[in-house]
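What follows is a single structure, written as structure tokens, with notes after it.
None of the figures in this text is laboratory data; all of them are computed from the coordinates on show. It should be emphasised that the depicted structure is a prediction, and the values quoted were computed from it without experimental measurement. All Cβ positions, glycine included, derive from the backbone under ideal geometry; neighbour counts span all protein chains shown.
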């Protein structure tokens, strides 16, 4: 499997895992999702809002665009708007990654740090690994807090994603046979 295909799978997994998490967190009310918890960005809502900022920042860096925005909570105060913005951001990133040549994934990424404006350089594949593993880490923190507040504990593992996608593809194959 090429790096390109691998990271396209990872982007799809991010989308799937977010939806699994959203389905669990939808069982909580707004006061619970906005309550101050032991999360770096305070609440469940605040942490997911920051995750949206994080994806936007790295998306701009990957595209070679300046990202002048500094995180100021809250990008989306409405729960439904926040979920939709995260979905749209990830799908847009996945589409953009899909449009890149294979050579892009073997290249270097030059960018400037958000606060210090210090120049940085990193391999594209390392940047994407950072983006996707950070998101998985944050979802883990958020799901632990959500389950403590009464939400079901979601199974967001990559293994489960691949198993479900394999079953989905098998069902599509069976359905398309004469």
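Quick notes
- Theoretical gain in end-to-end length, residue 168 to residue 2 [0.36 nm per residue, Cα-Cα removed]: 57.5 nm
- The stretch 1-66-the stretch 70-149 distance, computed between alpha-carbon centres (Å): 7 Å
- Computed over the stretch 1-92, the alpha-carbon pair-distance distribution with 5 angstrom bins reads 3, 12, 21, 24, 18, 12, 6, 3, 0, each value a whole percent.
- Ranked list, fewest to most other Cβ atoms within 10 Å of each Cβ, for 165, 156, 1: 1, 165, 156
- Highest-fluctuation residue, 47, 116, 143 considered, GNM on the chain with Cα pairs under 10 Å: 116
- Sequence-separation-based contact order of the chain, relative, with Cα cut under 8 Å and 6+ spacing, percent: 33 percent
- Taking 0.36 nm per residue of separation and subtracting the Cα-Cα distance, full extension of the segment from residue 54 to residue 27 would add 7.2 nm.
- According to the Cα-based calculation, Rg over Rh for the chain is 1.00, with Rh computed by the Kirkwood formula.
- By the count of other C-beta atoms within 10 Å, a proxy for reagent exposure, 48, 28, 149 are ordered fewest to most as 149, 28, 48.
- Two-site label geometry, residue 63 and residue 130: point separation in nm, points 7 Å out along Cα→Cβ: 1.9 nm
- Residues in the stretch 45-65 reached by a label modelled at residue 100 [backbone nitrogen below 11 Å; 7 Å Cα→Cβ]: 59-64
- Ranked for footprinting exposure by Cβ neighbours inside 10 Å, fewest first, 168, 45 give 168, 45.
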